[in-house]
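The values are calculated or read from the model by the stated rules, or taken from the named source; none is laboratory data. Since the model is a prediction, treat every value here as computed from it, not as a measurement. Backbone-built Cβ (ideal geometry, glycine too); neighbour counts: all protein chains shown. Note: accessible area is taken over every heavy atom of the protein model, side chains too, but ligands, DNA and RNA are not part of it. Shrake-Rupley method; radii C 1.70, N 1.55, O 1.52, S 1.80 Å.
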Amino acid sequence: MNNGKASLRDALQRSLSGSVQFDAEANRQIGASLWNADVAPDVLALVECRSAADVQQAVRVASDYGALISTLGGGHDWAGRAAGRGSITVDLRQLKAVELNRDRSAVTIGGGTLIDHVLAGIPDDLAIVTGTISTVGVTGLTLGGGYGKLNSRFGLALDTMTRAEVVLADGSTVVASEQDDAELFWALRGGGGNFGVVTSITLAAHQLRHVLTGTIFVPLSSAKASLVGLQAILDDSGDELSVFSALMTVPSGDRGLILAPMWAGGERAGERALQTLSGLQGAQTLAQGWSTYRATYNKKFEETWPKGRGYRMDAHNIQRLDDTTAEALVECAKAFRSNADCVMLHDFHGACARVAPEATAFPVRSEHFNVQVVTQWSMDRPRDGEAALQSIEAVKEKLGPLAMRGGYTNILGPNESSRVRAFYGTAAQRLADVKRRYDPSDRFRFNTGRL
Ligand SMILES: Cc1cc2nc3c(=O)[nH]c(=O)nc-3n(C[C@H](O)[C@H](O)[C@H](O)COP(=O)(O)OP(=O)(O)OC[C@H]3O[C@@H](n4cnc5c(N)ncnc54)[C@H](O)[C@@H]3O)c2cc1C
């Protein structure tokens, strides 16, 4: 650092149009904005950016003073990487413009836009590929992958990204696409925020008048057979059907398997597909109906994971639901420490599985299930946080030996670099080369997907 902390403060305050907070106040404000209340932020400054020009200024000042930079989008990274220790946090939450292009084929959004914002900002008969919880940041989700119920129809969220505007470590801006800065564009699609601050992205918008969704409950005693049956159904179905599932305790107190199918295709075939699912062993259909894609977001379901509690997460990829993996999953659910433990599965097949592994920095393109493990506790009971680690480890012990190498980098924790490398495989070297070229001083080091 050159003139020290005081002049860094001065430079930030002079060059930004938004508010700039330091030390305790910065950490208080970041703490209040993160999903996981168990993160204790320890940043130098929190810089509110109201425009891409503000981001440039913040990054320039950080660079002049040799400071590290972290990026706050939707604040949903459970490990709190938006608040890297000793860094300046560039707060993008004001960058939430949503702009649909003339022919309604693409939408350009600010780097701090949440899923909620985008879906509210486009007509009801359009959809973009998003995740399952509406308060997650779209850019953070997309840079690491973007699993969601439209993957089988349209690809991962990152497959639908056609352009990204990025502020690089020296404060310059580039627009990366297949045509320009193509190697950076490749890296941004899977490599996370390791190369710069993404101030806006353009995503494909898809015509989708309505979708059919359902909620099916299977008691734990039938969950193994149903999971194996689900695999058979998915093997036989096309791109229109996606089934998100979760082993969890439902509000009535029963533990079991929730299947949340989404059909994005013709009406009669959709009704048939959901009927097949409702024939799985032990299945009880709790709800079913057609709606717009936006209306599929269920606030009640989202309240299961409210902001402000303590959380830990982990991720594993499993290739298929067969007797062995289904049994292991059910064993995990039987061993849940409390009702606060949950294992979720995103199915990965169809359009997302037809993308060439080397086309983006998300090389795992064979059919699989992305398993996400989440455990939560009340911050009033801090000792429950220690026990939560046991929940994560218990699932790892059971699923780890059956899982593919690596796991979803948006979820893997900061100490999981060997699993991150395993996920990228040969793409790791290419990512390291892009990193060296675009961020040689490693200013952006608090990110998911870090090698
Ligand atoms: C409740 C919950 C549900 C989830 N559901 C899904 C799901 O359905 N599908 C799925 O694929 N993932 C899901 N995730 C994982 C989620 O995609 C990642 O946690 C993602 O990183 C969150 O992005 P964010 O902007 O909200 O978080 P933040 O904490 O703000 O940022 C997380 C990371 O992304 C980087 N980042 C964010 N925005 C930018 C930007 N504009 N430029 C550069 N870097 C940026 C940050 O540097 C940081 O490393 C879920 C997570 C949670 C907690």
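Across the range 81-132, what is the number of residues that are touching a Phe, Trp or Tyr at 6+ places or on another chain (Cβ under 6 Å) and of a type in the set (A, V, I, L, M, F, W, C)? Total meeting the criteria: 2. For beta carbons closer than 6 Å, sequence separation of 6+ or different chains, a first residue in the range 419-434 that is within 14 Å of G144 (Cα to Cα) and a second that is among the hydroxyl-bearing types (S, T, Y), the qualifying pairs are V420/T409; F423/T409. Within the range 56-70, the set of residues being over 16 Å from P440 (Cβ atoms) and in a loop (DSSP other than H, G, I, E, B) comprises just one member, Y65. Can you tell me which residue in the range 1-49 is least open to solvent (accessible area, probe 1.4 Å), limited to those that are away from the ligand (no atom under 16 Å from the Cβ), within 22 Å of G75 (Cβ to Cβ) and not in a loop (DSSP other than H, G, I, E, B)? Top of the filtered list is L12. Could you please find all residues in the range 137-156 being hydrophobic (A, V, I, L, M, F, W, C), over 22 Å from Y424 (Cβ atoms) and crowded, with 24+ Cβ neighbours inside 10 Å? Those that are hydrophobic (A, V, I, L, M, F, W, C), over 22 Å from Y424 (Cβ atoms) and crowded, with 24+ Cβ neighbours inside 10 Å: V138, L150. Selection of strands (runs of 3 or more DSSP E) fully inside the range 142-212 by the criterion of at least 2 residues being near the ligand (Cβ under 10 Å from one of its atoms) returns 161-167, 197-204. The set of residues from the range 157-174 being surrounded by fewer than 24 Cβ atoms within 10 Å (Cβ to Cβ) and within 15 Å of S63 (Cβ to Cβ) comprises L168, A169, D170, G171, S172, T173.
Of all residue pairs spaced 6 or more apart or on separate chains, those with beta-carbon atoms under 8 Å, a first member in the range 127-139 that is within 6 Å of the ligand (Cβ to nearest atom) and a second member that is open to solvent by 10 Å² or more (accessible area, probe 1.4 Å) and charged (D, E, K, R) are T132/K149; I133/E302. I'd like the full set of residues that are open to solvent by 20 Å² or more (accessible area, probe 1.4 Å) and either touching a residue at least 12 places away in the same chain (Cβ under 8 Å) or within 30 Å of V59 (Cα to Cα) (or both), limited to the range 391-410. Once the filter is applied, which keeps residues that are open to solvent by 20 Å² or more (accessible area, probe 1.4 Å) and either touching a residue at least 12 places away in the same chain (Cβ under 8 Å) or within 30 Å of V59 (Cα to Cα) (or both), the range 391-410 yields A394, K396, K398, G400, L402, A403, M404, R405, N410.
Return the only residue of A432, A427 being surrounded by fewer than 17 Cβ atoms within 10 Å (Cβ to Cβ), among the hydrophobic types (A, V, I, L, M, F, W, C) and farther than 30 Å from E327 by Cα. First the steps, then the outcome.
Numbers: A427 fails: surrounded by fewer than 17 Cβ atoms within 10 Å (Cβ to Cβ).
Going through A432, A427 in turn, just one is surrounded by fewer than 17 Cβ atoms within 10 Å (Cβ to Cβ), among the hydrophobic types (A, V, I, L, M, F, W, C) and farther than 30 Å from E327 by Cα: A432.
Evaluation of E99 against the conditions (1) more than 14 Å from the chain's Cα centre (by Cα); (2) in a helix (DSSP H, G or I) shows that the sole unmet condition is (2).
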